[in-house]
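Asks: Quick one: the structure is below, questions incoming.
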Amino acid sequence: MLRTLMTSYRNLSCTFKINSHVSDSFHIQRSVRQGEVLSTFYYLTYVDDLLNDLENSNLGCRVLSTRCGNPTYADDIALIALSPLNLQRMVDIVFSYLNEWRCDINVKESNVIVFSNMRNPPDACIMYGSDFCNKRTLLSTWVLGKIPI
């Protein structure tokens, strides 16, 4: 299995074709091959430990006895928590996991959605990552409920 994985990702290169022009070839250093038969399996194998870490943290929401704090669809993962603190802890788990595997997410495409019927809902500033200098990337925040977006 490991040999198959390594062979299928060794010395990958890519070109782009726009109209009749073909770009120069360039080396691909990381990513899952789009459209490859085994790509879905590779991705699921990779992300399974992250989903288990999130589920075992008990930080996400529950419906009766069913955990539903990190539903997934294709390569999208949602984190659902009842408090900003628990959501921050879940985001920290994701950050640590991806950092360990030398991967990252596109924070600009990530959002925090707060559902509230309060006129002034509590602050839900969720940070993705930090370093010793306390630099953090702020995820954008939308508020839904009685307050317009």
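Asks: Taking amide hydrogens as modeled 1.01 Å from N in the peptide plane, which residues meet the under 5 Å criterion relative to Ile77, leaving out close sequence neighbours?
Replies: The list, which skips near neighbours in sequence, is empty: none.
Asks: Compute the length gained on full extension between His21 and Tyr9: take 0.36 nm times their separation in residues and subtract their Cα-Cα distance, giving the result in nm to one decimal.
Replies: Full extension from His21 to Tyr9 adds 1.7 nm.
Asks: Taking amide hydrogens as modeled 1.01 Å from N in the peptide plane, which residues meet the under 5 Å criterion relative to Leu12, leaving out close sequence neighbours?
Replies: Under 5 Å from the amide H of Leu12 lie the amide H atoms of Ile28, each far enough along the sequence or on another chain.
Asks: So who's got an amide H within less than 5 Å of the one on Ile126, skipping anything under 5 residues away but keeping other chains? H placed 1.01 Å off N, in plane.
Replies: Leu139
Asks: Report the charge-dipole magnitude of segment 69-120 in Debye, nearest 20, computed about the Cα centre from +1 at each Lys and Arg Cβ and -1 at each Asp and Glu Cβ. Walk me through the intermediate numbers first.
Replies: Details: 4 positive and 6 negative charges, 55 e Å.
I would put it at about 260 debye.
Asks: Here is a follow-up. Can you pull the one-decimal nm distance between simple spin-label points at Cys125 and Val47, each 7 Å off the Cα toward Cβ?
Replies: 3.0
Asks: At what distance in nm do the modelled label points of Tyr73 and Val107 sit from each other, each positioned 7 Å from its Cα along Cα→Cβ?
Replies: Each label point lies 7 Å from its Cα, and together they span 2.6 nm.
Asks: Please compute the Cα-Cα pair-distance distribution of segment 55-101 with 10 Å bins starting at 0, giving whole percents from short to long.
Replies: Result, from short to long distances: 27, 54, 18, 1 percent.
Every number here is computed from the coordinates shown, using simple stated rules; none is lab data. None of the values given here were measured: they were computed from a predicted structure. Cβ atoms come from the backbone with ideal geometry, glycine included; neighbour counts cover every protein chain shown.
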